[in-house]
Amino acid sequence: MFVRVQSYNIYSTYTKSNSFVPYYYANRMSTIQLIHTKEELKAILSEIKSAGKSIGFVPTMGALHEGHKALIVRASRENDLVVVSIFVNPAQFNNKEDLALYPRTLDADLELLKTIENGIVFVPDAPAIYPEKTSFKPFDLGILDKVMEGKHRPGHFDGVVHVVHNLFEIVEPTKAYFGQKDFQQLAVIRKMNTHYGFPIEIIACETLREESGLAMSSRNMRLSEQEKKDALILWETLQFVKDYRSKYPPNELIKKAIEYLETGNLHLEYLDIVDVESLEMVENWNSPCVCCIAAYCGKVRLIDNLLL
Ligand code: PAF
């Protein structure tokens, strides 16, 4: 099925990638294609792969914003084809209300992607992602699942690992792109990619921020104008931590940063300074580390982080 979001001169597509002419451009129009079944997706991808072309993959849960778009544009530039999946994954929500309130905005998502010339948007249903017959075997994520998000959202990363594993099996991309805003998720994905032996290059992309400093997130759609202002304390606290890094050891700085954050209107869940690789709490500044925060802004749970 074709969804002609917008048409382009096909020659711009030739110029861009020189040799890339997948069969769905046969109508001599560059479009983003919407696909719902994995059978249809696999049929297209197998043609692309047998022609030796590269596939970039950006898994999402929809409610796309400029942060997602930056990932997708990068994947589109670095590969012959980019596949964007949109699937709100129930298995990674440990809170039913959060799942019910997660924004679903497919029309707006497609509109945002209309300028992607070499893209497929894959919007599967749950049985396609979680078939009854499956080769998936969960594994122990160790400390990655015990700290920060893992501690406060039990089962969350099991759900992320399961869905990304199944999506990787369907798409078999050359490269997969993830935002650094979900810093811990990125560490989990790297570990699972190695564990299952996927030959996929994991690409970390910088967090995109509003001019105000607020990290772009699908959850921001649920914030009122006042809450968007209140949420800025997250970014200010991260900068506070960076500014005072040379003055205090990590454990003292954490206390001061918490005091700073609590001058605002957010309800803090955690604020940790951890090693970028092991995600263990650090006792000194000898290794590269990252400050990660999760806090509620009204009913909306926000996360952010900054490399120190
Ligand atoms: O980061 C997300 O949006 C999700 O956790 C992901 C990676 C798409 C898995 O559902």
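Inspect the range 82-96 for any residue being away from the ligand (no atom under 12 Å from the Cβ), at pLDDT 95 or above and crowded, with 19+ Cβ neighbours inside 10 Å and give the result as yes or no. There is at least one residue in the range 82-96 that is away from the ligand (no atom under 12 Å from the Cβ), at pLDDT 95 or above and crowded, with 19+ Cβ neighbours inside 10 Å. For the range 221-230, the condition of being within 16 Å of the ligand (Cβ to nearest atom), assigned to a helix (DSSP H, G or I) and of a type in the set (A, V, I, L, M) holds for at least one residue.
Counting just the residues of the range 112-122 that are in a loop (DSSP other than H, G, I, E, B) and either of a type in the set (A, V, I, L, M) or under 28 Å from LEU302 (Cβ atoms) (or both), which one comes out farthest from the chain's Cα centre (by Cα)?
The extreme case among them is ILE116.
Residue count for the range 49-81 under the criterion of being of a type in the set (A, V, I, L, M, F, W, C), farther than 21 Å from LEU214 by Cβ and buried (at least 21 other Cβ atoms within 10 Å of the Cβ): the result is 5.
Within the range 53-64, restricting attention to residues that are closer than 24 Å to LYS42 by Cβ and among the hydrophobic types (A, V, I, L, M, F, W, C), the residue that is nearest to the ligand (Cβ to nearest atom) is MET61.
The number of residues in the range 148-195 being among the β-branched types (Val, Ile, Thr), more than 22 Å from VAL123 (Cα to Cα) and within 18 Å of the chain's Cα centre (by Cα) comes to 1.
Taking first residues from the range 182-193 that are farther than 17 Å from PRO154 by Cβ and partners that are in a helix (DSSP H, G or I), the Cβ contacts under 7 Å between residues at least 6 apart in sequence or on separate chains come to ALA187/LEU144; ILE189/VAL164; LYS191/LEU144; MET192/VAL161; MET192/VAL164; MET192/HIS165. Quick test for you: out of ASP145, ASP109, ASP125, pick the one residue that is over 18 Å from the mean Cα position of the chain (by Cα) and either surrounded by 18 or more Cβ atoms within 10 Å (Cβ to Cβ) or of a type in the set (Asp, Glu) (or both). Being over 18 Å from the mean Cα position of the chain (by Cα) and either surrounded by 18 or more Cβ atoms within 10 Å (Cβ to Cβ) or of a type in the set (Asp, Glu) (or both) holds for just one of ASP145, ASP109, ASP125, which is ASP125.
Condition check for ALA100 on (1) within 15 Å of the ligand (Cβ to nearest atom); (2) aliphatic (A, V, I, L, M); (3) more than 22 Å from CYS205 (Cα to Cα): one failure, at (1). Which of the following residues is modelled with pLDDT of 95 or more and surrounded by 19 or more Cβ atoms within 10 Å (Cβ to Cβ): LEU232, LEU238? None of the other options fit; the residue is LEU238.
All conditions but one from (1) within 15 Å of the chain's Cα centre (by Cα); (2) away from the ligand (no atom under 14 Å from the Cβ); (3) of a type in the set (A, V, I, L, M) apply to LEU34; the one that does not is (1).
Criterion first (within 12 Å of the ligand (Cβ to nearest atom) and among the acidic types (Asp, Glu)) does GLU149 satisfy it? So GLU149 passes the test.
For the range 241-256, does any single residue satisfy the condition of being outside any helix (DSSP H, G or I) and of a type in the set (A, V, I, L, M)? No. Might you let me know whether the range 92-101 holds any residue that is small (Gly, Ala, Ser) and without any contact (Cβ under 8 Å) to a residue 40 or more places away in the chain? Yes; the residues of the range 92-101 include at least one that is small (Gly, Ala, Ser) and without any contact (Cβ under 8 Å) to a residue 40 or more places away in the chain.
Here is the figure for the range 171-218: residues that are assigned to a loop (DSSP other than H, G, I, E, B), within 13 Å of the ligand (Cβ to nearest atom) and among the aliphatic types (A, V, I, L, M) total 1. For GLY67, the stated conditions do not hold, so it cannot be described as within 12 Å of the ligand (Cβ to nearest atom), within 16 Å of the chain's Cα centre (by Cα) and either free of Cβ contacts under 8 Å to residues at least 24 places away in the same chain or part of a loop (DSSP other than H, G, I, E, B) (or both).
The values are calculated or read from the model by the stated rules, or taken from the named source; none is laboratory data. This structure is a prediction, so every number in the text was calculated from the model and none was measured. Don't worry about glycine lacking a Cβ; one is built from the backbone with ideal geometry, like all the others, and counts go over all protein chains shown.
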